[in-house]
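Below: the structure, in C-alpha cells.
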Amino acid sequence: MPLLNDAMPLMKEPRPPPQLPLPWVLPSLFAAFNVVLLVVFSALFFAFPCRWLAQNGEWVFPIVTGPLFVLTFFSLVSLNFSDPGILHQGSAEQGPMMVHVVWVNHRAFRLQWCPKCCFHRPPRTYHCPWCNVCVEDFDHHCKWVNNCIGHRNFRFFMLLVLSLCLYLSALLVTCLIFLVRTTHLPFSTDKVIAVTVAVPAAGFLVPLFLLLLIQAMSVSAAERSCEGKRRYLHGYNPFDQGCASNWYLTICAPLGPKYMAEAVQLQRVVGSDWVPMPSLHSPTCPFAFEPPAPPSGSVQAREGPPREWR
C-alpha cells in the first residue's frame, strides 16, 4: 500500500534554470529594467500628452493617472524586495527516512523531503530552483520582479497586477483622448510621445487583464499556479474554504510570524484539522492511518476509519 503518495497529486517542480557563472545578475538586471521602464514611460506621459491636457483645463487626467502611477510603482518595488515566505533550513536531526503526515480537512498529506533545505516541506511548499529556497504556499516564480510569489507577498502581486491594469487603461484612454483633441493641430512631439506610450500600454494591457482574471479564479477556488490543471483526489480540494473565505485568507488575513530561525517547527498549525501525525521510522512498510480526534462538540466529527488512499 503506497504511503499517501496519492493523497495529493505530486506537483511538478519548477524546471531548474541553466547554470551560469553569475545566475543572479541577468534576472536582477531584468527586474531593475522593468522598474526603469515604468518610470521612463510614465515621465514621458506626464511631460507631454498629460501636460497638454492639463494646460487646456483637463485636470481630471493627471488627477486620475497620478495616484495610479504611485500605487503601481509602490506595489512593484514592494514586490521586488518582499519576502515570499521563505522557510529556512531545518534541523540536522531531521532525515529523509522519517515520515511526517499532516491532516487538512480530514485529508492526509505526506510531507515531502527537501534535500537542499533539509526538512520535510509542509503542503504547498516547494523549492524554487531560481532562488534556491523553499517558499511557503508557493504559487510561482515571477521573472518580471525576480522574486517568488508565495504566502507573504501574494497580496502584493495581486495589487501589482490590478494597479497595472488600471494604470495602463488610464494611460491608453488619456493618450487616445489627447490624439482626438489635437487632430486639428500639426504633427508635433506631443503626438509622437502619445503614440509611443499608447502602443506598449495597449500591448501589455490584454495579457495583464487575462492574468488578473486567471489569478482571481485561482484565489476563488483556492488553487495555485504551480499545480497546473491537476486535481486532488476525487476532485475535492481540502484547502478550499469557500470563495469569500479564500479571498479573506489570501488578501486580508494576518500573515503570521516569519520563519527566521535556522531550525524551526515547520508544520504550521492551521485550525483544529491540521494535526501532524507521529513520525514513522520505516517509510517502506505498509500502515494504516487514523484521523485526528476532533475537539469536543465539533460538527466535523465523524465515525469510522478514514478512506484509504490508493
Out of ASN147, ASN153, ASN132, sole residue that is among the polar types (S, T, N, Q) and at positive phi = ASN132
Residues of the stretch 48-77 being under 19 Å from ALA31 (Cβ atoms) and loosely packed, with under 15 Cβ neighbours inside 10 Å, which ones?
-> PHE74
Of the residues in the stretch 83-101 that are open to solvent by less than 20 Å² (accessible area, probe 1.4 Å) and at pLDDT 75 or above, the one that is farthest from VAL133 (Cα to Cα) is VAL101
Test GLY203 against the stated conditions and say whether it is among the small types (Gly, Ala, Ser), in contact (Cβ under 8 Å) with a residue 60 or more places away in the chain and over 14 Å from PHE45 (Cβ atoms).
-> no
Residues located in the stretch 158-178, provided they are in contact (Cβ under 8 Å) with a residue 60 or more places away in the chain, open to solvent by 10 Å² or more (accessible area, probe 1.4 Å) and not small (Gly, Ala, Ser) | MET158, LEU159, LEU160, LEU164, LEU166, ILE177
From the set of residues in the stretch 163-216 that are under 29 Å from the mean Cα position of the chain (by Cα) and among the polar types (S, T, N, Q), which is farthest from PHE61 (Cα to Cα)?
-> GLN215
Return only the number of the condition from (1) under 23 Å from THR72 (Cα atoms); (2) within 19 Å of the chain's Cα centre (by Cα); (3) modelled with pLDDT of 90 or more that ASN246 does not satisfy.
-> (1)
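The values are calculated or read from the model by the stated rules, or taken from the named source; none is laboratory data. Computed from a predicted structure; not experimentally measured. For neighbour counting, all protein chains shown are included, and Cβ atoms are generated from backbone atoms with ideal geometry for every residue, glycine included. SASA here: full protein model, heavy atoms, side chains in, ligands and nucleic acids out. Shrake-Rupley method; radii C 1.70, N 1.55, O 1.52, S 1.80 Å.
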